[in-house]
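*Asks:* Pasting in a structure now, in structure tokens, and then I'll have a few things to ask.
The values are calculated or read from the model by the stated rules, or taken from the named source; none is laboratory data. The structure presented is a predicted model; accordingly, all values stated were derived computationally and were not measured. Every residue, glycine as well, gets a Cβ built from its backbone with ideal geometry; the counts of neighbours run over all protein chains shown.
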């Protein structure tokens, strides 16, 4: 009996609680968006984007999409690949309650089926796509091939995105998962879009994966420096005064 009660709370109660906490918590976070013009131009045209971000930045992304990107074009939504594990299904339900779609799978299990479903949704329904290229188990900050496959098959651009905040909780997980704390502030940064040719060699694929890793590393460093580099902060203050 206790097992059924636990299962009920895990499957029925926790997702609603999680969605409520995310909305309540992140509504207090102040974010400044940088280089977001391409994203919003695509949304105004109703064209899909493949958003690539590290697994440890997952917490804020669903909220950011619902309340910022969908604000430009309400007809658009995003499909995210989530693990079929028990925890993954919980996360997937929370994401669905936030108004997004889920394709269940991963690079290690049922990944082919999930990728096919994502490709179909991007091509046929013009949905955006969110992929953590180092998820669900790592290695941390190493791009796996799924994100390139979706871009090849759909022709949609990959836009690397990230965020960092002044005050955060960093979990002791494999990826050092980041949870923004209430009433903090930070930066949400988009990198330059990448288009992947339909036909590429193994060597070109490896080079493109490295390139995406470098782009993600670059915008992560940029967000961190904007928050914690005193010289950059002084330059920003001078520009505002000028």
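*Asks:* Please work out if residue 131 is in contact with a helix residue (DSSP H, G or I) (Cβ under 8 Å, 6 or more places away or on another chain) and more than 21 Å from residue 216 (Cβ to Cβ).
*Replies:* no
*Asks:* Within segment 84-99, track down each residue that is out of contact with any strand residue (DSSP E or B) (no Cβ under 8 Å at 6 or more places or on another chain) and not in a helix (DSSP H, G or I).
*Replies:* Passing the criteria: 85, 98, 99.
*Asks:* Name, by its number, the condition in (1) surrounded by fewer than 18 Cβ atoms within 10 Å (Cβ to Cβ); (2) not in a loop (DSSP other than H, G, I, E, B) that does not hold for residue 137.
*Replies:* So the condition that residue 137 fails would be (2).
*Asks:* Going by the conditions given, is residue 163 closer than 13 Å to residue 54 by Cβ and part of a strand (DSSP E or B)?
*Replies:* For residue 163, the condition - closer than 13 Å to residue 54 by Cβ and part of a strand (DSSP E or B) - is met.
*Asks:* Something else about it: Does segment 164-175 contain any residue that is in contact with a strand residue (DSSP E or B) (Cβ under 7 Å, 6 or more places away or on another chain), exposed (fewer than 12 other Cβ atoms within 10 Å of the Cβ) and at pLDDT 95 or above?
*Replies:* Yes, there is a match, as at least one residue in segment 164-175 is in contact with a strand residue (DSSP E or B) (Cβ under 7 Å, 6 or more places away or on another chain), exposed (fewer than 12 other Cβ atoms within 10 Å of the Cβ) and at pLDDT 95 or above.
*Asks:* Return the residues of segment 166-196 that are within 14 Å of the chain's Cα centre (by Cα) and not in a loop (DSSP other than H, G, I, E, B); say none if nothing qualifies.
*Replies:* 178, 179, 188, 189, 190
*Asks:* Do the conditions hold for residue 50, that is, is it modelled with pLDDT of 85 or more, within 29 Å of residue 223 (Cα to Cα) and in contact with a strand residue (DSSP E or B) (Cβ under 9 Å, 6 or more places away or on another chain)?
*Replies:* On the way: modelled with pLDDT of 85 or more: yes; within 29 Å of residue 223 (Cα to Cα): yes; in contact with a strand residue (DSSP E or B) (Cβ under 9 Å, 6 or more places away or on another chain): yes.
Yes: the conditions hold for residue 50.
*Asks:* Now, a different point. Looking only at segment 45-104, which residues are touching a residue at least 60 places away in the same chain (Cβ under 8 Å) and at positive phi?
*Replies:* Residue satisfying the conditions is 46 alone.
Each row is one residue, and each column tells you yes or no for (1) at pLDDT 90 or above; (2) under 14 Å from residue 82 (Cα atoms).
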residue: 111; (1), (2): no, yes
residue: 114; (1), (2): no, yes
residue: 119; (1), (2): yes, no
residue: 132; (1), (2): yes, yes
residue: 142; (1), (2): yes, no
residue: 151; (1), (2): yes, no
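*Asks:* Here is a check on your reading of the model: is residue 180 out of contact with any strand residue (DSSP E or B) (no Cβ under 6 Å at 6 or more places or on another chain) and in contact (Cβ under 8 Å) with a residue 60 or more places away in the chain?
*Replies:* Values: out of contact with any strand residue (DSSP E or B) (no Cβ under 6 Å at 6 or more places or on another chain): no; in contact (Cβ under 8 Å) with a residue 60 or more places away in the chain: yes.
For residue 180, the condition - out of contact with any strand residue (DSSP E or B) (no Cβ under 6 Å at 6 or more places or on another chain) and in contact (Cβ under 8 Å) with a residue 60 or more places away in the chain - is not met.
*Asks:* Something else now. Quick check on segment 217-225. Is at least one of its residues modelled with pLDDT of 95 or more, surrounded by 11 or more Cβ atoms within 10 Å (Cβ to Cβ) and in contact with a helix residue (DSSP H, G or I) (Cβ under 8 Å, 6 or more places away or on another chain)? Break it down into steps so the answer makes sense when it comes.
*Replies:* Filtering segment 217-225 for residues modelled with pLDDT of 95 or more gives 217-225.
Narrowing the set further to residues that are surrounded by 11 or more Cβ atoms within 10 Å (Cβ to Cβ) leaves 217-225.
Filter once more, keeping what is in contact with a helix residue (DSSP H, G or I) (Cβ under 8 Å, 6 or more places away or on another chain): 225.
Checking segment 217-225: at least one residue is modelled with pLDDT of 95 or more, surrounded by 11 or more Cβ atoms within 10 Å (Cβ to Cβ) and in contact with a helix residue (DSSP H, G or I) (Cβ under 8 Å, 6 or more places away or on another chain).
*Asks:* Would you call residue 154 touching a strand residue (DSSP E or B) at 6+ places or on another chain (Cβ under 8 Å) and closer than 30 Å to residue 24 by Cβ?
*Replies:* Here the answer is no, as residue 154 does not meet what is asked.
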